[in-house]
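Engineer: Once you've had a glance at the structure underneath, I'll fire off some questions.
Read the figures in this text as sums done on the coordinates, not as results from a lab. No experiment lies behind these values; they were computed from the predicted model shown. Because the Cβ atoms are built from the backbone with ideal geometry, glycine has one as well, and the counts that use them run over all protein chains shown.
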Amino acid sequence: MQAEIATYSSHPAIQNTDLSRTRKSAALQLARLERLVLTGFMGAGKSTVGRMLADRLGWEFLDLDALIEARAGLNVPQIFATHGETHFRKLESQALASALGRRNIILALGGGAPEVLTNRLLIEQTPATATIFLDAPFSTLFDRCMLQALNAPAAVPIADAEVPEPATLRPLLADPAAAESRFLARRPIYRRLARLIVDTSALSTEETVGGILQTLNAYRTGRS
Ligand code: S3P
């Protein structure tokens, strides 16, 4: 199986999960893609990679968290603090359904979106849609998130709070042990949903985007 992956994927860091399906039908579907959905845990680089991919394809980039925030008129930490995670998940499913109605989009999901069955069904049942999982070890992801938070202290103006703690930029990272448990529980879900799995641990954003485009082009042209 591993040898087949190596011959069918066109980039060493990218694993294609379509091997159980016929090559012909996978190629056909990918040639008609209208939506690429990026998944992965917090810090995976979904938004950064998504923006660059959208730019390269001339497609629109949508960030699900940004969509939720625009629709709710509150930022993500405010939604968690005021209404709780359950309410956030409801808003997330509604925003996802709306986003999947658009064409020629790169959609970056929040890390928890694939955990909800309805969301997975929505994604899987939307035609011309492929999901790409940006993978990396938990420690790498956690460090990236902490760095991002330290570099963006003014990004989260929570009412009445002074300077937000770095972890409050992503409320679910406030407890690192609980965050790691979530990561371990979610990883198999991300893998199952994905058409392509990219090990981003040793790749720059440019390399990740280049690898994804190279792999998609190989499908389109029938090369491996
Ligand atoms: C979450 C990830 C966040 C955001 C929210 C919950 C999660 O998005 O949706 O804080 O459950 O993993 P990013 O993955 O874009 O950080």
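Engineer: Give me D for segment 93-144 in µm² s⁻¹, whole number, from Stokes-Einstein with Rh from the Kirkwood sum over alpha-carbon pairs, 37 °C and 0.692 mPa s.
Structural biologist: D, rounded to a whole number, is 265 µm²/s.
Engineer: Which value in Å does the Kirkwood hydrodynamic radius of segment 36-84 take, with 1/r averaged over all unlike C-alpha pairs and then inverted?
Structural biologist: 12.1
Engineer: Ok, one more. Would you order PHE88, PHE142 from fewest to most other beta-carbon atoms within 10 Å of each residue's own beta-carbon?
Structural biologist: Taking fewest neighbouring Cβ atoms as first place, the list is PHE142, PHE88.
Engineer: Whole number please: convex hull volume per residue of the Cα set in segment 60-155, in Å³?
Structural biologist: Hull volume normalised by residue count: 120 Å³.
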